[in-house]
Amino acid sequence: MNLRLQPVQVATGSDDQESQLVFHEGFLVAVLVRLSDEHGADIGKWFLEAGFGRVDDPSPPIFADLDEAQAWITSQLA
């Protein structure tokens, strides 16, 4: 499965602004946000800020890196 990531800045209301839009087959399926230093041990990890369709999750996960996030998104879409 092929995902396309597009870097963006998201107005989250916090220092977490570095983000990636995640597309699958031309559709936006997720917004990932990189966690800032205000998150202590989770600094630099990626958070599922928003998921759409099968990627929506009531308890949004945190990922160690973008590869882990993409693997999880791929599994949700399969």
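The values are calculated or read from the model by the stated rules, or taken from the named source; none is laboratory data. What you see is a predicted model, and the numbers here were worked out from it, not measured in a lab. All Cβ positions, glycine included, derive from the backbone under ideal geometry; neighbour counts span all protein chains shown. Keep in mind that these areas ignore ligands, DNA and RNA; they rest on the heavy atoms of the full protein, side chains included. Shrake-Rupley method; radii C 1.70, N 1.55, O 1.52, S 1.80 Å.
Mean residue ellipticity at 222 nm, helices only, the chain: -5000 deg cm²/dmol; runs of at least 4 DSSP H residues each add -39,500 (n - 2.57), and the sum is divided by the number of residues. Remark: C-alpha extents of the chain on the principal axes read 34, 21, 21 Å, sorted largest to smallest.
Computed on the chain, with alpha-carbon pairs under 8 angstrom and 6+ residues apart, the relative contact order is 20 percent.
Net charge of the neighbourhood of LEU32, taken over other residues with C-beta under 12 Å away and scored Lys/Arg +1, Asp/Glu -1, is -4. Taken along the Cα-to-beta-carbon direction at a fixed 7 Å, the label points for ALA78 and GLN6 span 2.7 nm.
Counting protein heavy atoms only, region 30-71 has 49 percent of its accessible area on carbon and sulfur, 1.4 angstrom probe. With a cut-off of 15 Å between beta carbons, the residues surrounding ALA64 carry a summed charge of -2, where Lys and Arg count +1 and Asp and Glu -1. A straight chain from GLU25 to ASP42 at 0.36 nm per residue would run longer than the Cα-Cα distance by 3.1 nm.
Taking every protein chain into account, the accessible area of the chain amounts to 59 square angstrom per residue (probe 1.4 Å).
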